[in-house]
Amino acid sequence: MLYQFLVLRQALFLLSACVLFFHTSAFAAEQVLLKYGIFRESISVEELSTFAETGELSSALRVNFALAQQDPKAIRPYLTTPVNIDLVVLDRVLNSPIGNVILDELSQVIHTPSRTADRQALRAALVLSANEDGQVTLLEVIQNYPTTSVEVDGERLETAYHQLRRLQVGLQDLLNF
């Protein structure tokens, strides 16, 4: 009976992930409010993606990094280095008390402009990011964020990346248990 429940739960999760993926693709983030201390700059997700993938800085990003005294070369790896995460295990962890703590910590860095439903939005973005290839990058999380605008605390991107790594280690510990 328990086995049938688990199989049914996994099937429902995969079905909901597929529906969520196809439904939210039209509602993926288009704008990023990149914050560095008192400096805030609205840039397109496309600008951030171009920077992360090629290193090419738009004029808005160049000014933002200069004013915040940030080295773009130091930031790029946090946006693009993948973290391997099994989708089914990710769902289980994200829907647990430990997952809620991790989501709350990550939502201090990546969150909705209104600061409402951050946990749910971040959960959806993580699942969508892991859905395609079993890997998650912070750039994918931003790209898959299910609102048209997302706020990112640039000073804490390294912290967010390490939280993703901690999630990966936690998932591996659960699998080895």
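So the values come out like this:
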| read-out | value |
| --- | --- |
| All positions within the range 129-138 that are out of contact with any strand residue (DSSP E or B) (no Cβ under 8 Å at 6 or more places or on another chain) and open to solvent by less than 10 Å² (accessible area, probe 1.4 Å) | none |
| Hits in the range 83-94 (condition: open to solvent by 50 Å² or more (accessible area, probe 1.4 Å) and within 16 Å of the chain's Cα centre (by Cα)) | 84, 86 |
| Any hit, the range 17-29, residues being of a type in the set (Gly, Ala, Ser), within 14 Å of the chain's Cα centre (by Cα) and either assigned to a helix (DSSP H, G or I) or at pLDDT below 95 (or both) | yes |
| The one condition in (1) surrounded by fewer than 21 Cβ atoms within 10 Å (Cβ to Cβ); (2) closer than 29 Å to residue 42 by Cβ; (3) polar (S, T, N, Q) that residue 144 fails to fulfil | (1) |
| Of all residues in the range 38-82 being part of a helix (DSSP H, G or I) and of a type in the set (Gly, Ala, Ser), the one that is surrounded by the fewest Cβ atoms within 10 Å (Cβ to Cβ) | 59 |
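The values are calculated or read from the model by the stated rules, or taken from the named source; none is laboratory data. Keep in mind the model is a prediction, meaning the values are calculated, not measured. In this analysis, Cβ positions are derived from the backbone assuming ideal geometry, glycine residues included, and neighbour counts consider all displayed protein chains. Note: accessible area is taken over every heavy atom of the protein model, side chains too, but ligands, DNA and RNA are not part of it. Shrake-Rupley method; radii C 1.70, N 1.55, O 1.52, S 1.80 Å.
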